[in-house]
1. I'm checking my understanding of the structure. Among residues of the range 273-313 that are surrounded by 11 or more Cβ atoms within 10 Å (Cβ to Cβ) and of a type in the set (Asp, Glu), which one is farthest from residue 216 (Cα to Cα)?
2. Determine which member of the set 24, 89 is modelled with pLDDT of 95 or more and in a helix (DSSP H, G or I).
3. With 181, 194, 226, 216 as the choices, which residue is farther than 15 Å from residue 105 by Cβ and among the aliphatic types (A, V, I, L, M)?
4. Evaluate the following for residue 84: is it touching a residue at least 24 places away in the same chain (Cβ under 8 Å) and out of contact with any Phe, Trp or Tyr (no Cβ under 9 Å at 6 or more places or on another chain)?
5. Could you list all residues from the range 96-132 that are outside any loop (DSSP other than H, G, I, E, B) and β-branched (Val, Ile, Thr)?
6. Take the residues in the range 78-131 that are more than 24 Å from residue 161 (Cα to Cα) and of a type in the set (S, T, N, Q), then tell me which one is surrounded by the fewest Cβ atoms within 10 Å (Cβ to Cβ).
7. Search the range 135-153 for residues being in contact (Cβ under 8 Å) with a residue 24 or more places away in the chain, touching a Pro at 6+ places or on another chain (Cβ under 9 Å) and within 21 Å of residue 72 (Cβ to Cβ), and hand back the single one that is surrounded by the fewest Cβ atoms within 10 Å (Cβ to Cβ).
8. Which number in (1) outside any loop (DSSP other than H, G, I, E, B); (2) exposed (fewer than 12 other Cβ atoms within 10 Å of the Cβ) marks the one condition that residue 156 misses?
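The values are calculated or read from the model by the stated rules, or taken from the named source; none is laboratory data. Just so you know, these numbers come straight off a predicted model, no measurement behind them. Neighbour counts are summed over all protein chains in view; Cβ atoms, including those assigned to glycine, are modelled from backbone coordinates with ideal geometry.
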Amino acid sequence: MKFENITQIKVFIVILIAALSVIAIQAAKTVTKVDIVSEPTVENEWFKIAENIYQFRYQHHYTLFVTTSNGVVAFDPLSDEAAEHYVKAIKQVAPGQPLIAIIYTHWHIDHSSGARVLMRAFGDHIPVIAHERTLLKLKRWNDPDIVLPTKLIGDKGEALRFGNMDIELNYIGYGHTDTLLVARFPGSFFSPGLVFVVDFANNDAVGWQDLPGWYLGELIAMQQRLLKLDFDIVAFGHGLPGDKSTIRRQTGYYLNLITQAKLVLQQGLTEDEAVTHIAPRLKRYSDWRFYNKWFHLNIRGAYRWAQGIKDKA
């Protein structure tokens, strides 16, 4: 292309920038507008959420796998039953590609089970990556069917590279378990950044049951630390993808919950009275998932936490 004068060069640059901006905006639209907008109606499925990044769902558990120039990296296998379908999803997305790593987000067995099924399908010598305390917890759990981690990550986290894919594994707190890693996939001009968040935050959903073993102060701090990471999309372990505003809404929910719990304690109300008192004050969350099932239990859990149980690992 030949330019006659500086004005033509300037016009060309403006047009180029505008075109690249349109491409970037369109890319963001395609990854944030997931074509699944309601509760799942089938037992398992997979869908694309970003370039080379996919989510697999089995019942109400979600995991994530990525395709790289060297092969596939799979996160939480979930269970033996789930992993059978997980294998099919991976082979459908990346036929003939090897599985080059398995990453556990944390030690809980509803996420760390099933790796043996992946290994039967792809080979026995696949590295299993996890936080160093995940190994200790799984050794204590002593289930021979669960594959133990072979590469360990400390509290400082680690940046790994698989072919053309960078994956950061970050430890940001113990609000749910002191073994939990948050995976971050750095973005680029053409691809939004993404994080994979399991259990300690969700997409417009109340917490699980009466929040057993949850350190609510630290849980909120984890969510606030998460917001400091650079990302556009957040994939969850128990729900559809969201963005930073999704995390802010989740943090707001827990802040409101514990604020109300502290207030009723100051008023001398019992736990049963707290449920009756708080429920109508947080009715704004009535359209959230699991509200009818677990919201009153969430109030009880927050009440017990506010009674003086200190956050600790």
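1. Checking each candidate, the answer is 273.
2. After applying the criteria, what remains is 89.
3. 216
4. Yes: the conditions hold for residue 84.
5. 100, 102, 103, 109, 117, 128, 129, listed by residue number.
6. This residue is 79.
7. Per the stated criteria, the residue is 151.
8. For residue 156, the failing item is (1).
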